[in-house]
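Peer 1: First the structure, which I've put down as structure tokens, then a few questions once you've had a look.
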Amino acid sequence: AQKVTQAQTEISVVEKEDVTLDCVYETRDTTYYLFWYKQPPSGELVFLIRRNSFDEQNEISGRYSWNFQKSTSSFNFTITASQVVDSAVYFCALSGTITGGGNKLTFGTGTQLKVEL
Amino acid sequence: EAQVTQNPRYLITVTGKKLTVTCSQNMNHEYMSWYRQDPGLGLRQIYYSMNVEVTDKGDVPEGYKVSRKEKRNFPLILESPSPNQTSLYFCASSLNGKGASSPLHFGNGTRLTVT
């Protein structure tokens, strides 16, 4: 079975601080994809990144960066110089190739990030 | 514009009154699915469809029905809603259902309250 754990339920930071959101996953698949989504207060899901299991290079996109470590089954997300607009719930998700459900995503429980002035 | 459209965005209903949440995609996607989101549980798959007339249960199908008569539409039906179905619902689609080979596109969500 697949599982995604986001142990941090809620994080509060002051604007301009860096913050890291943790994600640990479990899967028996050898080929799988990892995702991060942002859910602002308006409720929609905003896709941030998709990374396949064969690509362990870290990725940076503006203030966002992702650290994928297969050895520890982790896919952590760092926001540098956080801003109030970063306040949202962030979900980590996993999709494999042998798990049922078709193109199914297994989501973590989410981390609520609050960025205050 | 490529999109997944859900309606309504907000719905308040009473226990036992049948309702349908519609989902439509304009990308000619074969695969569609429904998720529900609950606090502390993340998103969980309700039903999915690999193609027209092919549907199957996800992780939490009890109390729901779906149909896939046309490729673009995948309505979620609650025959007799109960308060424990109060949730935020998302429809999603992708080119095909081969796990993770094509990205999922999500609708904007339907917030359902059953009193």
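The values are calculated or read from the model by the stated rules, or taken from the named source; none is laboratory data. The model shown is predicted, which means the values in this text are computed figures rather than measured ones. Note that we place each Cβ from the backbone using ideal geometry, even for glycine, and neighbour counts take in every protein chain shown. Quick note on the areas: whole protein, heavy atoms, side chains included, nothing else; ligands and nucleic acids left out. Shrake-Rupley method; radii C 1.70, N 1.55, O 1.52, S 1.80 Å.
Peer 1: Please go through the range A:88-117 and give me each residue that is within 7 Å of another protein chain (Cβ to nearest Cβ) and in a strand (DSSP E or B), ordered by number.
Peer 2: Listed by number, the residues that qualify are A:91, A:95, A:96, A:107.
Peer 1: Taking residue A:42, is it within 21 Å of residue B:107 (Cα to Cα) and free of Cβ contacts under 8 Å to residues at least 12 places away in the same chain?
Peer 2: Yes; evaluated as a whole, the condition is true for this residue.
Peer 1: Here's another thing I want to ask about it. Residues being over 20 Å from residue A:96 (Cβ atoms), open to solvent by 50 Å² or more (accessible area, probe 1.4 Å) and part of a strand (DSSP E or B): count how many of those fall in the range A:22-50.
Peer 2: Looking only at that region, the number is 1.
Peer 1: Among the candidates B:37, B:3, B:85, which residue alone is more than 9 Å from chain A (Cβ to nearest Cβ) and open to solvent by 20 Å² or more (accessible area, probe 1.4 Å)?
Peer 2: B:3
Peer 1: A further question follows. Among the residues of the range B:10-23 satisfying the criterion of being more than 12 Å from residue B:76 (Cβ to Cβ) and open to solvent by less than 60 Å² (accessible area, probe 1.4 Å), which is farthest from the chain's Cα centre (by Cα)?
Peer 2: B:16
Peer 1: In the range B:35-115, which strands (runs of 3 or more DSSP E) lie fully inside it and hold 3 or more residues that are among the hydroxyl-bearing types (Ser, Thr, Tyr)?
Peer 2: B:42-51, B:87-94
Peer 1: Among the candidates A:85, A:14, single out the residue that is farther than 25 Å from residue B:60 by Cα, out of contact with any strand residue (DSSP E or B) (no Cβ under 7 Å at 6 or more places or on another chain) and open to solvent by 50 Å² or more (accessible area, probe 1.4 Å).
Peer 2: Matching residue, one of A:85, A:14: A:85.
Peer 1: Another one. Quick check, is residue B:67 in contact (Cβ under 8 Å) with a residue 40 or more places away in the chain, away from every other protein chain (no Cβ under 14 Å) and surrounded by fewer than 21 Cβ atoms within 10 Å (Cβ to Cβ)?
Peer 2: In short, no.
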